[in-house]
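Below: the structure, in structure tokens.
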Amino acid sequence: MTDAAPRIVVLVSGRGSNLGALLDAGLPVVHVVSNRPQAGGLALAARHAVTSTVVDHAAFPSREAFDSALAAAIDAHAPTLVVLAGFMRVLGDPFVQRYAGRLVNIHPSLLPAFTGLHTHRRALDAGVRLHGCTVHFVTPTLDHGPVIAQAVVPVLPDDTEDTLAARVLEQEHRLYPAAVRWCLEGRVRVDGLRVHVRGAEFPAFGRCVPSPA
Ligand code: GAR
């Protein structure tokens, strides 16, 4: 990150609960962009007096045209960090390269397991005992960028897709603000696929959660 005051632009497609966690943590979100006009994240931004833009993917003839409009909406707010929070469009290589090293995502699985969609159903079907979420830098290969942090939850015998999703989401709301803050504070160094975080309190995320009350 630069020495300038940090500025975050958040990209959403849906309800925006991770956006809410970032805002509640007091992170410097200066603008929100959604590809869906009805996204709940837009109303949430408004309630926090954060401005927003809709770049509706359906209005563009190609991914390239959409990505260009998206980049223009982002760049108008000069962010130091671009944060994907439930943003459900695949981004093209030129877009990803443009924000290399300052584009982060949260994914609802322990990557590299369960890239893509329906991660909770697939975790149940696979019979794994541990599941969770991952914050990572975005690279051109979908859901494969360097891992900044992960939170782990148990998979319980009577879990449904919904109960497991809720347990993971609770951890997303803890993990994402912490990891984004580490990035803003310049504590994160990338070395190939390995990420080193200076002074991060990893024990908080290094055990099965939810932790005892
Ligand atoms: C979150 O679970 C996030 O991890 C997931 O979408 C949900 C958005 O919820 N993201 C992806 O699946 C990205 N591939 P939210 O809109 O309430 O933050």
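Here, each number is a calculation from the coordinates, and none is a lab measurement. These numbers were taken from a predicted model, which means no experiment stands behind them. Here Cβ is always computed from backbone atoms with ideal geometry, including for glycine, and neighbour counts include all displayed protein chains.
Quick one: give the max-minus-min coordinate of the C-alpha atoms of the chain along each principal axis, largest first, in Å.
Result, largest extent first: 46, 38, 35 Å.
Does a label point 7 Å from the Cα of T163, set along Cα-to-beta-carbon, have any residues of region 116-130 with amide nitrogen under 18 Å, and which are they?
120-130
For the chain, what relative contact order do you get, as a whole percent, if you take Cα pairs closer than 8 Å and at least 6 residues apart?
Worked out over the chain, it gives 18 percent.
With a sphere of radius 14 Å drawn around the Cβ of A45, what net charge do the other residues whose Cβ falls strictly inside it have (Lys, Arg +1; Asp, Glu -1)?
Value of the local net charge: +2.
Give me the tail of P(r) for region 3-58 as a percent: Cα-Cα pairs with distance above 16 Å.
Of all Cα-Cα pairs in region 3-58, 34 percent lie more than 16 Å apart.
Of the trypsin sites (Lys or Arg not before Pro) in region 91-162, which ones lie in a loop per DSSP and count no more than 12 other C-beta atoms within 10 Å?
Here the sparse-neighbourhood loop sites are R129.
Quick one: of the DSSP bridges fully inside the chain, what percent are antiparallel, nearest 5?
For the chain, the DSSP antiparallel bridge percentage is about 45.
With all distinct Cα pairs included, what does the Kirkwood hydrodynamic radius of region 104-177 come out to in Å, to one decimal, could you say?
Evaluated on region 104-177, it is 12.1 Å.
Over the Cα atoms of region 1-118, compute the convex hull volume and normalise it per residue, giving Å³.
117 Å³
Relative to the Cα centre, what is the charge dipole magnitude of the chain, using +1 at the beta carbon of each Lys and Arg, -1 at the beta carbon of each Asp and Glu, and rounding to the nearest 20 debye?
So the dipole magnitude of the chain works out to roughly 300 debye.
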